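I have placed the structure first, in the form of structure tokens, so that the comments after it can refer back to it.
The values are calculated or read from the model by the stated rules, or taken from the named source; none is laboratory data. This is a predicted model, so every value here is computed, not measured. Every residue, glycine among them, receives a Cβ derived from its backbone with ideal geometry; neighbour counts consider all protein chains shown. Ligands, DNA and RNA are stripped out before the accessible areas are found, and what is left, the full protein with its side chains, is counted by its heavy atoms. Shrake-Rupley method; radii C 1.70, N 1.55, O 1.52, S 1.80 Å.
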Amino acid sequence: MNVGEATATVPPAGEEGRARLRRDLEAVLMVVDQPVAVYDLARAFDLPVEEVEATLEELSREYTAQGRGFDLRQVAEGWRFYTRPECADVVEHFLRDGHEVRLTQAALETLAVVAYRQPVSRGRVSAVRGVNCDGVMRTLVLRGLIEEAGHDPESGALLYRTTTYFLERLGLRGLDELPDLAPFLPDDIEGLDDTGEYTT
């Protein structure tokens, strides 16, 4: 999501304006896949950087004081919601072992691309599916179905492969026992770089 391209009305001054800015910042940060720079948020809302940053810091302090399960943190790239560290174990247990949790269609499609094209970068997986797969890839890593497999020697992009847990869940002894679905995946993926663009 390119927040810089968003359009927003400048909030009115006073309590109403501050409340609206807090609400709108929460709404935007809830849907982004990666940290957003405070400058981009300020530009999207047409507000001073200082005002937006102060509001983000205020929200972060409130979430901590209230003991919420999520945290609003500033990292090198910008601001983003994260699961609070003390909740990591229960989240991982829910994602990996929860009997009620099933993979979504998007997760199944992403897992299939990794399985048949591994080792493969997130950019190439996104190119095959036609949508950004960062969030789905994180879920698959958390559930132990895929793992990091080094970096591409040419581009430096992080590569992913399936795990032994993936084979166990499918009842397979090895990847050579996967059904023959590879012909249904695009053949020209090798012409894509790690951002999903075709190389010239």
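Here are some notes:
- Size of electric dipole in segment 61-150: Cβ of Lys, Arg +1 and of Asp, Glu -1, about Cα centre, debye, nearest 20: 280
- Whole-number percent relative contact order across segment 120-170, with pairs defined as alpha carbons under 8 Å at least 6 apart: 35
- The residues of segment 126-183 expose, per residue, 60 Å² of accessible area to a 1.4 Å probe.
- Shape of segment 111-155, Cα gyration tensor, a/c cut at 1.5: oblate
- Among Asn132, Trp79, Leu142 the positive-end extreme of the charge dipole of segment 57-147 (Cβ point charges): Asn132
- Cα shape, segment 35-113, gyration tensor, a/c 1.5 rule: oblate
- Once C-alpha pairs closer than 8 Å and six or more residues apart are averaged by separation and normalised to the residue number of segment 37-187, the relative contact order reads 15 percent.
- Accessible surface of segment 16-175, 1.4 Å probe, proportion on carbon and sulfur as whole %: 50
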